Amino acid sequence: MSKLDLGRRRVLKTGAIAGAGLAMPTIFTAQSAAAYTNEPTGSSVVLGFNVPQTGPYADEGLDELRAYELAVEHLNGEGDGGMMNTFSSKALKGNGILGKKVEYVTGDTQTKSDAARASAKSMIEKDGAVMITGGSSSGVAVAVQALCQDAGVIFMAGLTHANDTTGKDKRANGFRHFFNSYMSGAALAPVLANQYGTDRNAYYLTADYNWGYTTEEAISSATEAMGWNTVQKVLTPLAATDFSSYIAPVLNSDADVLVLVHYGGNMVNSLTNAVQFGLRDRVVNGKNFEIVVPLYSELMARGAGKNIAGIFGSQNWDWKFQDEGSKAFVQSFGTKYGFPPSQAAHTCYVQTLLYADAVERAGTFNPCGVVEALEGFEFDGMGNGPTLYRAEDHQCFKDVVVVKGKENPENEFDLVEQVEITPVEQVTYAPDHPQFAGGSLGACNPGA
Amino acid sequence: MGILEVKGVNKRFGGLQALGDVNLSVKENTVHAIIGPNGAGKSTLLNCLVGKLIPDTGSVTFDGQSVLGRKPHEINQMGISRVFQTPEIFADLTVLENVLIPCFARRDGAFRMHAIEQVRHEAELVEQAETMLADVNMLGKRDFHAGSLSRGDKRRLEMAMCLVQQPRLLLLDEPTAGMARADTNNTIDLLKEIKAKRDITMAIIEHDMHVVFSLADRITVLAQGTPLVEDTPEKIKGHPKVREAYLGEHQ
Amino acid sequence: MFGLSKADTRLFLIVIGLTLFAPFILNPFPEGSELAQFNAGYPDLMQRFLIFGIFAIGFNILFGLTGYLSFGHAAFLGVGSYAGVWMFKLLGMNVLPAILLSMLVAGLFSVLVGYISLRRSGIYFSILTLAFAQMSFSLAYSVLTPITGGETGLQLSANDPRIFGQSITDAGTIPVPSLFGLEMRDSFQLDVGAWLFTFNAGYYLCAVFMVLAFYLSIRIFRSPFGMMLRAVKSNQQRMTYTGLNPKPYTLAAFVISGMYAGLAGGLMVAMDPLAGAERMFWTASGEVVLMAILGGVGTLIGPVLGAGFIKYMENIVSKINDNILHQWFSFLPDGLEDVVVAIIYPFIGKGWHLTLGIMFMLVVIFLPGGLVEGGQRIGGWIGRRFGKGGSSAEAAAKPDAKSSPAE
Amino acid sequence: MDAFILQILNGLDKGSAYALIALGLTLIFGTLGVVNFAHGALFMLGAFCAVVLSRILSIAHVTVDPTRTDFLGNPLKVSTPYVHEWFGPEAGQTLIEWSVPLAILFSIPIMVAVGFAMERGLIKYFYKRPHADQILVTFGLAIVLQEVIKYFFGANPIPTPAPDALVGSFDFGALLGFDPGTIIYPYWRLIYFMFAAAVIAAVFAFLQFTTFGMVVRAGMADRETVGLLGINIDRRFTIMFAIAACVAGMAGVMYTPINSPNYHMGMDFLVLSFVVVVVGGMGSLPGAVFAGFLLGVLESFASMPAITTVIPGINQVIIYLVAIVILLTRPRGLMGRKGVMEE
């Protein structure tokens, strides 16, 4: 296992002061000393990887962490370089960022907004992190994004799918590469209409929190536009583990499609329960009953086992993509860890490279410079085809892939097959789209 | 007119008549014992006096005021203190604190939010409590944990806690139950001493004839929930009905 | 001094000293040294120590004195936080009104919950409080999203009215909480040789509240009211037959501790203006129970130590990753290094829960009185070993050694 | 009406899980006077017995198939479970499929051993300690157990399906004269309910009709007296603890096909099962069982769309609301005894 020398930064950072300081304590306010928060003064720069390490999303968090470690390796010129070789921007040279060696600190979000903020704060206040990234839920992403805005560091969101992250809760210092609820809806609806027909009655079971609300709205409005009818929307508690009492009423409705707006453990359980109740074998109104899961999580889908076979959903990325970027990333990730990466790992890896690249191009770690470099940035070679970081809301626009659970998986990582790639034009929306209204980016905040 | 008047009290538990038409009058400044075989309704009667139970019919007045419908702590504030069969004390507190609490209760009533004042600054009450402890020969143990005391000391402490309130009526619920003869005698002496030192009315519920006859001025015999006779100890001793209902069975 | 006994005054002065100099005490290791990982002297964690200390002190007034084990105390903290953020949104960014309203709202909520829950005792009481807290959490996370922000938490936005302040600063950012212009995040740093100490305005505001809260708690412990509360715990039957009504005493204790929780919630949002629903989840209520028990139930300083211990684990141990381990043990030969790291690895970083669980068990098995007992034992051992004079330095570093038990 | 029947079935099913966990909890409360926060962890350990057994049955030997490649382009490693080789692929596969029912047998000795070790090694030292200490130590133990499981099995749910023969659902609609397909219920959930009923009946019969049970019940009522009679109640309590652990463990095993087990499933159940026990009344076994089913059924009804549209969020809070109402109207829960855990 390769090692990264983490301790040196602090030695170098304070080494110069130490000599003078011994004789006479120097007192200064942090605000006036630096041009922006945590300006790296030594030969290294610290990034903060804030992922869930305990709680239900711990495995997803660990996969994100693996991707971050890989990205740091590549940035520092170790390993095979991964996507740096396929990335359309060639600013990165494998000598760290702006010549400074990349070091990192890790923290545990516990998938709680409070804990995530505490962890991010310690990275900023104690470890001098100049960028925070990670997370695997929208609640955490929004909370940490707001914190980074206040503190004056950049936030590169990890896995977050709710519209709010780049909608009503968007912030100038925050960026999201992952796709969102609206895109899932826009990508899925035509495919569903194509597969299942336009005369369908959909029943929604929705996780009773923000992500659930925005995703339900996105899917229902997109499918209704295709002619589907929404029979019922039922909110299910986050803490629910047994969904039988929510599935049973579906049997008594005239719905012929069940949309499970659930993620993670909720998704595993609700899907398993739905299949137990024989919904897949049902015929309603002369049509086969179908189940849809708008957002796939491969790690969790593994928990649902065979139940996911044939079920439609959307994904940000899948390791079986055959473009050069994806192949390079899967190769170096697989070589290092022995199994293919998840979409969470992918988005985190890409976000890290994008940040590093933006810093190189801006020539500074100053958040305002980075924001400027990322806004409107167009790139390719990162696994999703040509992609735009839109200036208006800091959301990446790229093709969205519609997948379905594989009928006969070859191994435990072979979960889904690609059904269709919805081109970026179809999933693009106006920045002031009603599903995203109500927020403003504000100005970039360099802190200090 | 006694300080405690019980008139026509009835109490049923389901089909069981626990108390049937109980009349009782406890004269001020006397020791009044209530005796009777097991199940005679002694405890039920006591619980009716202190507010734990409410009689179905009848009246209980203390010093001319009805106690019925009042909560135990209100009845205590009227001037009735109670000693339990097994000493009920604050086992986690020190001996001094045990006696201080009734001092506060007497001065401040059932509730007062004195969260900022300090206990040790209440010199007057502390002195009062210490005097009381000295009175029952426990001043030397003032800082002991009450829970660590011997059973006899616990009984003394409980008495001290009751007496420091200067109650007008002290109810004693089998104060010597389960005690060895020596302890029983000590308790009798303690009660005699207490009685000698102050004007106080006592109502004792007791099983032990020895205790009753050493202390009581008047005795009421309860049988099957009804008072059988009420008289002086001397007369009770020879009363045929009593022998039949109580003493006969007791041999 | 301060109307306290000599021992209490000494304890109080030690607590003042520790909070005042915490930025030094918590940063014992020079910047850049291998052990700097264990430094806890950065503003966020120091604030958390104090805030959760306040929370635990308040909880201890209820649990430690009356014995009523509330399993839903986090609800008051959460409600207080929401009230605080709403003050920021509606009125302005001054922290004082927010903190005061937090206490008030938490107090009112605890009157309601306490009035109902205190009709029962023992585990029935615990479950009633748990039920109220869980309902608060569930509703705040879902149905009440318009008021609470739901999953993402209630946060400030540029569109808030802020009648007595600006909605948005001239620089285009959302204003930050401040005390009459002194921003809570303002810090100044002191470089002394290799050491770097951070003094944060928000921390010292918390410190003021914490010292006041601790002082009030000493006063309550030593007051007739405190004695009555211990009487409630000891023997309610005797209490009623002594002419005292336990109900208002317990309710008062419940509300006081609810307001402490509200104060903690208010300070939390004053330091970081976002209120998440998770802080009302049952695990958060359980955490404060654990803090109190771990530190020493019914002791003055115990809950603060318990709070500090758990927060330290959560924030410091969880951040140690395998790279850091490798670096620590890099002096060992390669093979041995890997073995050592492999042994320690499960207990740090993502395994911090495991360490926490083990620590809970060890403390409760070997130190029935909690950390305070541990401190007393160490203090006693040192006292025996080195005689009386030698213990003062150690005692200053270990405040628990000096703590006096409740009685 | 059909919806109503379905929700009763669902409620009974949820109730079975609650009742089984609560039964063990209340046994431990009642007999040992211990607040066991690790009881949920025992349920989780049981579930992982099923996972472990299926892993054991799936132990495979690995061969390299040079004709195929894995995702990195290296030769594919193919693993064949030994049971396939020993019993032939079909019988072997069936054996693996049946790992959950088999795990019942597998889990009994394990859970008894775990319960025994827990009681002898830890819990017995806490009989005389305050409830607060019991909470702290058992909570600590619960964390340790679940972190150990997480260390070996990860945080994600692990699919443990029921045997193919038991997958599918039963159509009550046709049986009861409703439209077919309106009241269908999964076989495994029916099995779970019947299993729970059988276990509950067995525990009750054991306590009711054996001398052992009689002594334990007497011990629950008055521990000291029984101790004075010279009966070694401690040893019996150890056995009771092992039984409680075993009940929780078997409940966990049987639960795995309903929801894929993960390391924190015990904690998810812990709070609810405490509520169930307390609503049922401390120290009352029938109370715990009855409250389990009652809350299960009410929870199911509260999640019907007809009700959630009228009172939004009622499905989130119904259990707690009911708990509050019951505890306020019945001071000691449904069937609690006076003085148990009231201090």
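The values are calculated or read from the model by the stated rules, or taken from the named source; none is laboratory data. All values derive from a computational prediction rather than experimental measurement. So basically every Cβ, Gly included, is an ideal-geometry build from the backbone, and we count neighbours across all protein chains shown.
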### Task
Mind listing whichever residues of the range C:175-200 are assigned to a loop (DSSP other than H, G, I, E, B), at pLDDT 85 or above, buried (at least 16 other Cβ atoms within 10 Å of the Cβ) and hydrophobic (A, V, I, L, M, F, W, C)?
C:Val176, C:Met184
### Residues located in the range B:38-75, provided they are among the polar types (S, T, N, Q) and under 20 Å from C:Arg238 (Cβ atoms)
B:Ser43, B:Asn47
### Message
Cβ-Cβ distance below 7 Å, separation of 6 or more or different chains: which pairs start in the range D:257-270 with a residue that is closer than 24 Å to A:Lys306 by Cα and end on one that is outside any loop (DSSP other than H, G, I, E, B) and of a type in the set (Val, Ile, Thr)?
### Response
D:Pro257/D:Val100; D:Asn259/A:Thr272; D:Ser260/A:Val268; D:Ser260/A:Thr272; D:Pro261/D:Val51; D:Tyr263/D:Ile149
### Message
If a residue counts only when it is under 30 Å from C:Ser223 (Cβ atoms) and of a type outside the set (Asp, Glu), which helices (runs of 4 or more DSSP H) contained entirely in the range B:106-200 have at least 2 such residues?
### Response
B:123-135, B:151-163
#### Entry: Considering residues of the range B:65-80 that are free of Cβ contacts under 8 Å to residues at least 60 places away in the same chain, more than 9 Å from chain C (Cβ to nearest Cβ) and in a loop (DSSP other than H, G, I, E, B) only, the residue nearest to B:Gln166 (Cα to Cα)
B:Val67
### Task
State whether one or more residues within the range D:7-28 are small (Gly, Ala, Ser), over 24 Å from D:Ala201 (Cβ atoms) and surrounded by 15 or more Cβ atoms within 10 Å (Cβ to Cβ).
no
### Query
Does the range D:133-153 include one or more residues that are more than 7 Å from every other protein chain (Cβ to nearest Cβ), closer than 17 Å to C:Val363 by Cα and without any contact (Cβ under 8 Å) to a residue 12 or more places away in the chain?
no
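Residues checked against (1) surrounded by fewer than 19 Cβ atoms within 10 Å (Cβ to Cβ); (2) within 19 Å of B:Asp183 (Cβ to Cβ):
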residue: B:Leu100; (1), (2): no, no
residue: B:Arg107; (1), (2): yes, no
residue: B:Arg112; (1), (2): yes, no
residue: B:Val136; (1), (2): no, yes
residue: B:Ala146; (1), (2): no, yes
### Query
If you go through the range C:277-308 one residue at a time, how many are aromatic (Phe, Trp, Tyr) and crowded, with 24+ Cβ neighbours inside 10 Å?
1
### Query
So, in the range D:114-132, of the ones that are among the aliphatic types (A, V, I, L, M) and without any contact (Cβ under 8 Å) to a residue 40 or more places away in the chain, which residue ends up farthest from the other protein chains (Cβ to nearest Cβ)?
D:Ala117
### Task
Have a look at A:Val231, A:Val259 and point out the one that is crowded, with 24+ Cβ neighbours inside 10 Å and either farther than 30 Å from C:Gln134 by Cα or at pLDDT 95 or above (or both).
A:Val259
#### Entry: Among the candidates D:Ser16, D:Ser58, residue that is of a type in the set (Gly, Ala, Ser), within 29 Å of D:Met335 (Cβ to Cβ) and touching a residue at least 12 places away in the same chain (Cβ under 8 Å)
D:Ser16
### Task
Identify all residues within the range A:85-121 that are of a type in the set (Gly, Ala, Ser), within 10 Å of chain C (Cβ to nearest Cβ) and closer than 21 Å to C:Gly32 by Cα; write none if there are none.
A:Gly107, A:Ser119, A:Ala120
### Message
Any residue in the range A:330-348 that is free of Cβ contacts under 8 Å to residues at least 40 places away in the same chain sitting within a Cβ distance under 6 Å of a residue that is assigned to a helix (DSSP H, G or I) and not acidic (Asp, Glu)? List the pairs, counting only those 6 or more apart or interchain.
### Response
none
### Query
What number of residues within the range A:202-221 satisfy the criterion of being under 27 Å from the mean Cα position of the chain (by Cα), surrounded by fewer than 24 Cβ atoms within 10 Å (Cβ to Cβ) and not hydroxyl-bearing (Ser, Thr, Tyr)?
2
### strands (runs of 3 or more DSSP E) contained in the range A:99-216 and holding at least 2 residues among the hydrophobic types (A, V, I, L, M, F, W, C) and either in contact (Cβ under 8 Å) with a residue 40 or more places away in the chain or farther than 19 Å from A:Met267 by Cβ (or both)
A:101-108, A:131-134, A:154-157, A:201-207
### Task
Hey, could you check the range A:45-77 for residues that are within 13 Å of A:Gly107 (Cβ to Cβ) and away from chain D (no Cβ under 14 Å) and say which is surrounded by the most Cβ atoms within 10 Å (Cβ to Cβ)?
A:Asn50
### Query
Which of the residues spanning the range C:342-354 are in contact (Cβ under 8 Å) with a residue 12 or more places away in the chain, out of contact with any Gly (no Cβ under 9 Å at 6 or more places or on another chain) and at the interface with another protein chain (Cβ under 9 Å from one of its Cβ atoms)?
C:Gly349, C:Trp352
### Query
Within the range A:387-437, which strands (runs of 3 or more DSSP E) (wholly inside it) include 2 or more residues that are under 18 Å from the mean Cα position of the chain (by Cα)?
A:387-389, A:400-405
### Task
Kindly indicate which of A:Phe379, A:Phe436 is modelled with pLDDT of 90 or more, closer than 20 Å to A:Met156 by Cβ and not assigned by TED's automatic domain parsing to the domain that holds A:Leu353.
A:Phe436
